[in-house]
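Report on one structure; see the data block that follows.
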Amino acid sequence: MGNSASSLPYSIEEKSGETADGCWDVHRGCEKSTGNSVTVFQAQKPKLAKEGFRGASSDLHKIFVAHHHYQTCKKLRHPCVLQVLASLDTDSPSDETAVTNTQAMATTGAYIIVTEAGKPLPEWLAEDNPNPDQLAWGLQCIIQALDFVHTNAQLAHGNLSPESFWVTPSGTVKLWNFSLATPIGVTAGGGGPTPHFRSYEGVLTPQAYRSPERVNSQWDAIAISPLHCMDSHAMGVLIHDYYCGNIPQKLRKAVQRLQTPSLKMRPRLGPLLKCPVFDTAYAKLNAELEQIQVQPVEEKLRFWQVLDMETIDPNVAMHKVMPIVHDTIKTICNSDAMLSQDLYRRELLAVLHPLFYIVENFIREKEQICKVLAPLMQVLFSVKDRSIRGALLGKTQLFAANFSQNELNTLVFEPLCSGFADSSDALRELTLKATAVLVPHLFPTNIEKLSRYLVRLQSDNSPSIRTHSTTMIPQLCSHLSENARQKLLLPAFARGFRDPHSPCRLAALNATVVCQEYFDLEEVASKVLPACMPLALDGESDVRTQSFRVIDVFIERLKDDHKKKSIGEVSGAVSTAEPKLQPMPASLNQTAATNNNGSYLSGLSGWYSTSSSKPNESSGTTSKITAPLAEPKKSNPKIRNSSFASQAKPPPTFSSLSLGGNATTQANDGWGDDDDDLDLGNEAEDVFASIGIGSGNGGKKSGGKLIMSKAKSSSSKKQTVTKLSMDTTLDSWDDF
């Protein structure tokens, strides 16, 4: 390993405390490759060589105690013994060159022991407040560890106390502090415990935990007694302190027997495990987890299939189940021989449920989730088993929520795409649905790659896959380049319009509306609408109904564009080409002023008078001569209040062939009414007199035809216009 702490694959962090004997500094640490937490025990040899124990002989140095523990702990391996991950004597990297001379050991260097993470038992009891099941399991672990030391290692621990036990994060109590571990009955030392034990046991072991024979230094009696006697007595005291005096009823008799003064009457610790206090579901689960790694594959499969994760303590799930699951996946996936056997693939599938359950329910930090799952996804996606692939595809949402973008593209999407070519319809569809979750996180190159897969899947044999692939196309639009989008959208939708599966045609119609913003008006008119129109005659009523809605949406877009263009054209014409108004003729102005409040007939009279002011084109006259107005005809006094009479206008001049006769030759060219036989006497004026069409100025009738008589020239005489007074009484004609 090297001769310095830096050569260890673990980093040593700040000091968190020291052991009860003062020989070891306790540090937190972590594994450099994985970041897993560890506990580091470090003893500085020069310091310990100078320090002794209070109240002890001056030649009893701590360096010997630390060295004894360092040498013993590395040799013991058991689930209930604190596991040593690494150890280092900086002066003697190799155990074969270890220095045993005290002076040589004390010069430089340090002892370093790296173990699994844990905390002292007194701290766990005070801070975690374990429940009765957890306490029972912890006591069971203590008994199992001591039974292993007595039976298999043929050692007596000799230093039992609460400070000699550490508790892992999973709640397992583990044996530690082997500074006094000794065999019994050896030749050295007169057949009793070793001289090291007899020298240091009085200063290291608390007085309450020393058996009577130890207090009295009866080494001969100890030498011929069973190996467990000293530890059994200490165990009775420990149980009392472990439960804070509230010993369960089922254990009280056993505690009394353990503390009996007679060495021969003290029972062994192994049979104590049969006590009913240890018969709990929590203890059974932990016991199975301790042994699951060495069980046959059939037993492992049964265990994982019946495991109820909802009843498991979070600490057990995180720190005991998760490591087993992780190791199982790594072991099977890295062995082609195992992957070729259906039984191991079934075991691999069975451990996926506890894996994802723990991640989803007990791990909150994204970094920790990524740390746990990322290494496993790389190997799990490589397994050619549809059941395993389906389980992974069902957790795509979990990956998307916690993985980084780079990890999603490399660890998930790339191996996931192999499912598009699978022969199973169900797996291809699951792959398609899983990629929908990954779309917002994919790199542009993978987006275009996915679009090509979707185009291929539109020709799939499964109607459901064709439908889902069409539905998924709009999700890619915002992530595609303009060129790629133009190549994908309309051909894909047109392909969906022709699909024989009606839900696929409906999906294509809906997708077209969703993507309408990506079609310009020219494409709408020339490509989109012609593609949608045949669906208006579809055999399915739902398709026809939806096609009309889609068509209406695009038609409305075209109408809106038309309205905007029309408004723009009108506004542009008004602002850029405002028409120039020609001045009105004086006669027209006068007529308009006179007829502003007149009746309908008076307006008609004004029109005639305006027309009569035009030059006579038939006579060839080019001069503009305004025709003189004829003198208005006097109205009958009896009908003076009549609107016709009050608004009478001088008659315009007309020729017999033209409404615009020569004003210089026609003085009184009115409508002739000789054929009108109605005689009103002196009180009845011609009803057309008010508009200048009278019957008394030469009108003649010939054969039912109206012939306009030629009026005499009256150009030298100007006619006056009678203005309507505000006092004049108006009749109902003025409403016009």
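So how many residues does the range 59-83 have that are in a loop (DSSP other than H, G, I, E, B), open to solvent by 20 Å² or more (accessible area, probe 1.4 Å) and modelled with pLDDT of 90 or more?
6
Sort out which residues of the range 159-175 are in contact with a helix residue (DSSP H, G or I) (Cβ under 6 Å, 6 or more places away or on another chain), closer than 16 Å to Ala234 by Cβ and open to solvent by less than 10 Å² (accessible area, probe 1.4 Å), and write them in order of number.
Asn159, Leu160, Ser161, Phe165, Val173, Leu175
In this structure, is Ala145 assigned to a loop (DSSP other than H, G, I, E, B), under 19 Å from Thr115 (Cβ atoms) and either in contact (Cβ under 8 Å) with a residue 12 or more places away in the chain or not hydroxyl-bearing (Ser, Thr, Tyr) (or both)?
Against the criterion (assigned to a loop (DSSP other than H, G, I, E, B), under 19 Å from Thr115 (Cβ atoms) and either in contact (Cβ under 8 Å) with a residue 12 or more places away in the chain or not hydroxyl-bearing (Ser, Thr, Tyr) (or both)), Ala145 does not qualify.
Which residues, taken from the range 198-210, are in contact with a Leu (Cβ under 8 Å, 6 or more places away or on another chain) and not in a helix (DSSP H, G or I)?
Thr205
Taking into account only those residues within the range 198-225 that are among the hydrophobic types (A, V, I, L, M, F, W, C) and touching a residue at least 24 places away in the same chain (Cβ under 8 Å), which is surrounded by the most Cβ atoms within 10 Å (Cβ to Cβ)?
For the range 198-225, the residue satisfying everything is Ile222.
Condition first: under 18 Å from the mean Cα position of the chain (by Cα) and outside any loop (DSSP other than H, G, I, E, B). Can you find one or more residues in the range 449-463 that meet it?
no
So which residues in the range 491-517 are touching a helix residue (DSSP H, G or I) at 6+ places or on another chain (Cβ under 6 Å) and more than 19 Å from Gly539 (Cα to Cα), if there are any at all?
Across the range 491-517, the qualifying residues are Ala492, Ala511, Thr512, Val513, Val514, Cys515.
What is the residue count in the range 408-439 for residues that are more than 15 Å from the chain's Cα centre (by Cα), among the polar types (S, T, N, Q) and surrounded by 18 or more Cβ atoms within 10 Å (Cβ to Cβ)?
1
With the requirement that a residue be within 16 Å of Tyr357 (Cβ to Cβ) and charged (D, E, K, R), what does the range 388-419 give you?
Lys395
Considering only residues that are within 45 Å of the chain's Cα centre (by Cα) and among the acidic types (Asp, Glu), look in the range 1-58 and name the one that is modelled with the lowest pLDDT.
Glu14
Tell me which of these Pro183 doesn't satisfy, since it passes every other one: (1) open to solvent by 10 Å² or more (accessible area, probe 1.4 Å); (2) touching a residue at least 60 places away in the same chain (Cβ under 8 Å).
The failed condition is (2).
What residue, among those in the range 368-387 that are among the aliphatic types (A, V, I, L, M) and under 24 Å from the mean Cα position of the chain (by Cα), is nearest to Glu31 (Cα to Cα)?
Once the filter is applied, the top-ranked residue is Val372.
Can you pull out the residues in the range 518-572 that are open to solvent by less than 40 Å² (accessible area, probe 1.4 Å) and in contact with a Leu (Cβ under 6 Å, 6 or more places away or on another chain)?
Val543, Gln546, Ser547, Val550, Phe554
Looking at (1) under 19 Å from the mean Cα position of the chain (by Cα); (2) within 23 Å of Phe362 (Cβ to Cβ), which is the only condition Gln405 fails?
Only one criterion is unmet by Gln405, namely (2).
List pairs: first in the range 488-506 and of a type in the set (S, T, N, Q), second assigned to a helix (DSSP H, G or I) and surrounded by fewer than 18 Cβ atoms within 10 Å (Cβ to Cβ), Cβ under 9 Å, 6+ apart or cross-chain?
The qualifying pairs are Ser502/Asp542.
Kindly indicate the residue of the range 103-138 that is hydroxyl-bearing (Ser, Thr, Tyr) and in contact with a strand residue (DSSP E or B) (Cβ under 8 Å, 6 or more places away or on another chain) and also modelled with the highest pLDDT among those meeting that condition.
Only one residue fits best here, namely Thr115.
Please go through (1) without any contact (Cβ under 8 Å) to a residue 40 or more places away in the chain; (2) surrounded by fewer than 20 Cβ atoms within 10 Å (Cβ to Cβ) for Ser382 and return the number of the only condition it doesn't satisfy.
Condition not satisfied by Ser382: (1).
Given the conditions (1) surrounded by 19 or more Cβ atoms within 10 Å (Cβ to Cβ); (2) under 24 Å from the mean Cα position of the chain (by Cα), which single one is not true for Leu348?
The number of the failed condition is (2).
The values are calculated or read from the model by the stated rules, or taken from the named source; none is laboratory data. The structure presented is a predicted model; accordingly, all values stated were derived computationally and were not measured. Quick reminder, even Gly has a Cβ in these numbers, built from the backbone with ideal geometry, and neighbours come from all protein chains shown. These accessible areas exclude ligands, DNA and RNA; they are computed on the full protein's heavy atoms, side chains included. Shrake-Rupley method; radii C 1.70, N 1.55, O 1.52, S 1.80 Å.
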